[in-house]
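In what follows, a structure is listed as structure tokens, so that the remarks can point back to it.
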Amino acid sequence: MLPADIRLRRGLLVLLGTVLLAGTPVSQAAEWQLGELMQLLAQTQNGQARFVERKYISMLDKPVESSGELSFTAPDRMEMRTLRPRKQSMLLEGNRLTLEQDGRQKTVNLPSYPEVAAFVEGIRGTLAGDRQALEKVYRVHLLGTPARWQLMLEPREPTMSRIISRIRIGGSQGEVSSVAYDHADGDRSEMQITPLARP
């Protein structure tokens with residue numbers, strides 16, 4: 001069993017997937033720029049999606065799979081509801097994170113967890129389409145074309161790098177289809193995201 005702080009940090013990384021649930025199609029430009037992606041993210045005020053996550057852990061023979069729903073409401077409310085294999089939820093509102101599992105609830109104040117707070121600032125920067133805020137926390141690289149792109153986030157702070165080495169977000173046009181986390185200990189997790197149609 002991982003320590004509670006590590007589980008908390010990894011859980012917050014999963015919430016990053018909600019940042020990129022769906023977007024507006026991008027025109028086929030000659031060159032795909034990070035600024036264009038940030039503009040699309042700034043337009044997303046809310047979204048819902050289903051997710052399937054597979055965690056590859058070195059001590060286990062096969063990946064651990066979970067699935068559920070993600071939701072986001074601008075500017076800073078994100079929720080992850082895991083439905084299988086067991087129900088649990090994480091709700092992030094401002095600087096308050098509430099975890100619920102097996103009928104027990106715990107709320108933490110993010111400023112008490114500087115490394116976690118740094119992840120949240122990265123999320124907020126992405127939600128706002130604020131490249132400058134995002135680059136305070138990560139080294140950001142955008143690869144590919146509008147039809148098939150990948151956003152690479154590498155933590156700047158050594159304390160963050162000891163938890164995760166890289167986040168890889170893949171998509172096409174203004175829609176994200178995957179979020180993957182490469183953990184510093186060699187483990188990794190891969191999440192497939194399916195946006196739900198908006199009413």
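The values are calculated or read from the model by the stated rules, or taken from the named source; none is laboratory data. On a predicted model such as this, the values are computed, not experimentally measured, just so you know. Neighbour counts run over all protein chains shown; Cβ positions are idealised from the backbone, glycine included. Please note that ligands, DNA and RNA were not included when accessible areas were found on the heavy atoms of the full protein model with its side chains. Shrake-Rupley method; radii C 1.70, N 1.55, O 1.52, S 1.80 Å.
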For the range 70-83, what does the Karplus curve 6.51 cos²θ - 1.76 cosθ + 1.60, with θ = phi - 60°, yield as ³J(HN,Hα) per residue in whole Hz, taken in order and with x for Gly and Pro? 10, 8, 9, 10, 5, x, 8, 10, 9, 9, 10, 10, 7, 9
Would you mind getting me the FRET efficiency between ARG96 and TYR56? Use the beta-carbon distance for r and R0 = 35 Å, nearest 0.05. 0.70
Express in nm, to one decimal, how much length is gained between ARG84 and ALA147 on full extension, taking 0.36 nm for each residue of separation and deducting their alpha carbon distance. 19.5 nm
Mean Cβ-within-10 Å packing, highest first, puts peptides 140-153, 51-64, 159-172 in the order 159-172, 140-153, 51-64
Can you give me the solvent accessible area of GLU135 with a 1.4 Å probe, rounded to the nearest 10 Å²? 60 Å²
For the range 49-121: rounded, prolate or oblate by the Cα gyration tensor [a/c cutoff 1.5]: prolate
